[in-house]
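Read the structure below first, then the notes.
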Amino acid sequence: MRRAQPSTRFPVAFPTRSIQGLACQIGLSLMMSVAVSAQSGEVVVATTGGVYDRTLKEIWFEPFTKATGIKVSTVTATDAEQRTRAQAMVGTGTVSWDIINNVDVIAESSQNRAFTRDLTQFCEQFAARKDLVEKACNPAGVRISLNATLLAFNTATFKDSQPRNWADFWDVSRFPGPRALPNLNDPWRVLAAALLADGVSPDGLFPLDIDRALKKLDQIKPQIQLWWRTGDQSQQGFRNGEYVIGMIWGTRANALKAEGQPAKISYDGAFMLADTMQLLRNGPNSEGATALLKYFLDNPAIQARIAERLNVTPPSLDAIAQMSDAARANIPTSPEVFRTIVKHDPEWINANQAKMLDAWNAWLQR
């Protein structure tokens, strides 16, 4: 986190024409890829690419292939593309992917549940696992990690006084410079940040006052130089100096720090979401995909290594115990930090997704 996306990252109602058009593009090529995948025993996983994709391959997918002989391939797509294409594939019966990766808000929505498998029976085998956090395995999918969408800034730009919350993000006098925000077809986190900056208390955020949030966003819109759609884009924008302060995923911010970039983060007003792997209905290799998820949950050591690499919180307490002290210091574990993290309302978000997106798109075009 995405998603947290998370957040980055919830489903929308897609126009029928767009799905039909996408289905036409899928056509014969998708049917051929389904056949090839089924014959080879290959599992196809959609990811957002970049360091996230490379980490999963090295630490999880390749050891799984060595242990089982089942190959795992990845395709790169934004969160919105994953949802759109998965829905179209299942709708047309030409499914070439086995797994998509969305945050918990999206994964548990009625829209996503309509084209993904119910894992209730699969999750029964993990019910007695005391080390797994709540909903690590749930009907909607398997939670791979907990990740924050948060405030990140350039310490070379802000050497003395440093921003720490969304009110500071809006304060262009004290903290001047270009800014970045996500544009991922799931604007609730940006709207919530605007309301926090406008003085709304975290406990009073939901239901979101969309009009008030957009009015607050009017104040900062001229300063937004990067509307990023992928994690890689948010990282590259920081490296290139396209922005000096922005809302990005914690995984990407920590990756920037790991490569020596002058990046610093704040959990004050952060949004914590769970990246969730979901199995598509009628996927080309459902058995292999199920085995891949079981392999992850059965191996806290793999979870720990992924968490260390990406600076995320794994779903197993045993995995957390296996992480180094330095790695645990990079993830939210203290009660003080968790008190500053926003508690979101998935039910309201999913019920109002279309309304928010329509208002968001209209605002972007103004």
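Note on the chain: helix-only mean residue ellipticity at 222 nm, from DSSP H runs of 4+ residues weighted -39500 (n - 2.57) and normalised by residue number, equals -13000 deg cm²/dmol.
Report note on the peptides 201-209, 341-349: ranked by the mean count of other C-beta atoms within 10 Å, highest first, their order is 341-349, 201-209. Volume per residue of the convex hull around the Cα atoms, evaluated for region 139-221, comes out as 142 Å³. Accessible surface calculations at 1.4 Å, restricted to protein heavy atoms, place region 290-349 at 47 Å² per residue.
Explain nothing, just the number: relative contact order of region 255-366, from Cα pairs under 8 Å at least 6 residues apart, as a whole percent. Walk me through the numbers before you get to the answer.
Working: 67 pairs, mean separation 31.0, N = 112.
Relative contact order here is 28 percent.
Expressed to the nearest 5 percent, the antiparallel share of DSSP beta bridges inside the chain is 65 percent. Legend: calculated FRET efficiency, Ala354 to Lys294, from the Cβ-Cβ distance at R0 = 45 Å, rounded to 0.05, equals 0.80.
Across region 134-205, the mean sequence separation of Cα contacts (distance under 8 Å, 6 or more residues apart), normalised by length, yields a relative contact order of 22 percent. Working from label points 7 Å from Cα in the Cα-to-Cβ sense, the Asp218 to Asp160 distance is 3.4 nm.
Only lysine pairs 8 or more places apart, or on different chains, with alpha-carbon atoms under 17 angstrom apart are counted in the chain, and they number 11. Compactness check for the chain: Cα Rg over 2.2 N^0.38 Å is 0.96. Identify the residues of region 169-195 with backbone N under 16 Å of a label point that sits 7 angstrom from the Cα of Trp227 along the Cα-to-Cβ direction, or state none. Counting only backbone N, you get 179-191. In this simple spin-label approximation, Val133 and Gln236 carry label points 7 Å from Cα along the Cα→Cβ vector, and these lie 3.1 nm apart.
Tell me, in nm to one decimal, what length is gained between Thr120 and Glu287 on full extension, where the rule is 0.36 nm per residue of separation less the Cα-Cα distance?
Details: separation 167, 0.36 × 167 = 60.12 nm, distance 1.53 nm.
Contour length minus the Cα-Cα distance gives 58.6 nm.
How much FRET efficiency would the formula 1/(1 + (r/R0)^6) give for Glu347 and Ala326, where r is the Cβ-Cβ distance and R0 is 25 Å, rounded to 0.05? Working shown, then result.
On the way: r = 37 Å, r/R0 = 1.50.
Here the calculated transfer efficiency is 0.10.
Along its three principal directions, the equivalent ellipsoid of region 256-366 from the Cα gyration tensor extends over semi-axes of 29, 25, 15 Å, largest first. With labels modelled as points extended 7 Å from the Cα through the Cβ direction, what inter-label distance (nm, one decimal) is found for Arg113 paired with Leu364? With each label point 7 Å from Cα toward Cβ, the separation is 2.8 nm.
Do any GluC sites (Glu not before Pro) in region 50-155 lie in a DSSP loop with no more than 12 other beta carbon atoms within 10 Å, and if so, which? Here the GluC sites (Glu not before Pro) that fit, given the DSSP loop and packing criteria, are Glu134.
Full extension of the segment from Thr76 to Ser173, taken as 0.36 nm per residue of separation minus the current Cα-Cα distance, would add 31.0 nm.
Determine by what factor the alpha-carbon radius of gyration of region 56-210 differs from 2.2 N^0.38 Å, reporting the quotient. Write out the running numbers ahead of the final one.
Values: Rg = 20.1 Å, N = 155, 2.2 N^0.38 = 15.0 Å.
Computed over Cα atoms of region 56-210, the ratio equals 1.35.
The values are calculated or read from the model by the stated rules, or taken from the named source; none is laboratory data. Computed from a predicted model, the values in this text were never measured in an experiment. Note that each Cβ is placed from the backbone with ideal geometry, even for glycine, and that neighbours are counted across all protein chains shown. What goes into the accessible areas is simple: the full protein's heavy atoms, side chains included, and nothing from ligands, DNA or RNA. Shrake-Rupley method; radii C 1.70, N 1.55, O 1.52, S 1.80 Å.
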